[in-house]
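Okay, so here's the structure we're looking at.
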Amino acid sequence: MKILAIYPEYPATFWSFKYVLKFVSKKAAFPPLGLLTVAAMFPEDWEVKLIDMNVDKLRDQDIMNADIICVSAMIVQKESVRKVIKLCRSLKKPVVAGGPLFTTGYREFMDDIDYFVLDEAEVTLPRFISDYRKGCPGKIYRADKYPSLQETPIPRWDLINHKKYGSLMAQNSRGCPFNCEFCDVTVLFGHKPRLKSPEQFIDEMEAIYKTGWRGSLFVVDDNFIGNKKVVKETLRKTIDWSEKHRYPFDFFTEASINLADDTELMDLMVRAGFSSVFVGIETPNESSLKECKKNQNVGRDLIESIRQIQQAGLEVTAGYIVGFDSDDTDIFDSMIQFIQESGVVTAMVGVLNVLPETKLGKRIKKEGRLLRESTGNNVDAIVNFIPKMDTQILIDGYKRIVRTIYQPKDYYYRVCKFLKNYRPIRRGKLNWRDVRAFFRSIFWIGILGSGKTQWYYWKMMFYSLTKYPKSFPDAMKLMIYGYHFRKVAVRLTDDVK
């Protein structure tokens, strides 16, 4: 049996880092970890080939050579998914679909896809394989339980060329203990965090290490600290492993803001090799936090919490949302002020997106306010519901936030603010990729950049070298990221300079 696993294209988004990949000679930011993991679940006598359309071209012959086509995707990849499905149907090949896009939105594709293997593959894929071998596969496979991650195999890293990616990935847990109304994590993975064993996580690190990969590694958990007790044990073992291997990986992950309350946990993360963490801040408006049930952010000094994480040695990247029912027109100025004062350089601001099957989605639909399905890109300024605020005022205010925080002057201010709060603990050596990216940044930003961009680039270079030399690599990395974010902002607002 020959399986062709296809990962559709991503559009240029905030997290695609499309415009900085040329600095490091990469084709995509991340590999398709889900498909690589699923590939390891197929029978050993089934031949699997994977094509990530973000790095390689999908040819008709690839499809013709396969018995079954497997497609997995996020909502933001929907446009590419449709093209892939159309091509497969024209070549008369059966398609099996799974992943977040189909788990919450499979009904939209009922006429075009042969089989849906939904939810978590540890439960549903074996049933599909068994039925397919018997010649009686069903149309839809759903899970009746959340599987233990002890059943999850090590991803098939042999199926990709890791040199084409900016970062590799690993997963330690699924699920989140919180109940944010707009989030689909608990819809997909439940409220109770399920973790791999510490030994299992180390085995995955060893497998990645043996590929020859060195550098950035994204631990993709939606909330890495959902079960603090177990994750601390994992971190202690990771510290031993990282020390033994001379810190080959620069880890980053996602966590809730209550990370700031646990000094021991932050210390363990930094000692293990973590350098940054994404946190869902969402909004400085306390009423909006309560509205969306973001209770872990309520009643705390969010800027002080961010500073505590930064001072522990972790860069904070963060997500922000405008468009809650509790927001008024003051939110745009207060959001800009909050982001600037927090020193969060990588600030992803989006308009509230109503995702399918979430509590917010069900509420908005019941209220008759749902206009269209989500694009999955929460920085495209497309409002898919009727907000309480005038829609045009919301879109204009949102664009003003993005236009402001990513103009060179304000971006430079945040980098300086971050460097002041940050306490770097640098381990290992800079690799050739980092050095090459730095010299390319001199050419593309320092020489070819626009007047203001050039000025703040050189200003940051000398400022960080003289005042914060230990943080110089971080400062220059952020200036390169700023190049990407400004490009995204230009596409969004049409008038960012």
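Table for the structure above
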quantity: Flag if D333 is acidic (D, E), loosely packed, with under 15 Cβ neighbours inside 10 Å and under 22 Å from F485 (Cα atoms); calculated: yes
quantity: In segment 314-346, the residues that are part of a loop (DSSP other than H, G, I, E, B) and touching a residue at least 12 places away in the same chain (Cβ under 8 Å); calculated: L314, G323, F324, D325, S326, D327, D328, T329, G343, V344, V345, T346
quantity: Matching entry among R271, R300 (being among the charged types (D, E, K, R), assigned to a loop (DSSP other than H, G, I, E, B) and in contact (Cβ under 8 Å) with a residue 12 or more places away in the chain); calculated: R300
quantity: Which numbered condition L289 misses (of (1) in contact with a Leu (Cβ under 7 Å, 6 or more places away or on another chain); (2) within 20 Å of Y398 (Cβ to Cβ)); calculated: (1)
quantity: Conditions (1) modelled with pLDDT under 95; (2) surrounded by 12 or more Cβ atoms within 10 Å (Cβ to Cβ); (3) out of contact with any strand residue (DSSP E or B) (no Cβ under 9 Å at 6 or more places or on another chain); (4) within 26 Å of R486 (Cα to Cα): number failed by S464; calculated: (1)
quantity: Conditions (1) part of a helix (DSSP H, G or I); (2) in contact with a Cys (Cβ under 6 Å, 6 or more places away or on another chain); (3) not small (G, A, S); number of the one not met by E181; calculated: (1)
quantity: In segment 240-257, the residues that are crowded, with 18+ Cβ neighbours inside 10 Å and in a helix (DSSP H, G or I); calculated: W241, S242, I257
quantity: Residue within segment 120-137 that is assigned to a helix (DSSP H, G or I), at pLDDT below 95 and exposed (fewer than 15 other Cβ atoms within 10 Å of the Cβ) present; calculated: no
quantity: Test: residue in segment 477-494 that is assigned to a loop (DSSP other than H, G, I, E, B), more than 22 Å from I321 (Cα to Cα), in contact (Cβ under 8 Å) with a residue 12 or more places away in the chain and out of contact with any Gly (no Cβ under 6 Å at 6 or more places or on another chain); calculated: no
quantity: Test: residue in segment 42-49 that is surrounded by 17 or more Cβ atoms within 10 Å (Cβ to Cβ) and under 27 Å from R127 (Cβ atoms); calculated: yes
quantity: Pick from segment 360-383, criterion acidic (D, E) and closer than 25 Å to V488 by Cα, ranking: surrounded by the fewest Cβ atoms within 10 Å (Cβ to Cβ); calculated: E373
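The values are calculated or read from the model by the stated rules, or taken from the named source; none is laboratory data. Computed from a predicted structure; not experimentally measured. Cβ sites come from the backbone with ideal geometry, for glycine too, and all protein chains shown count toward neighbours.
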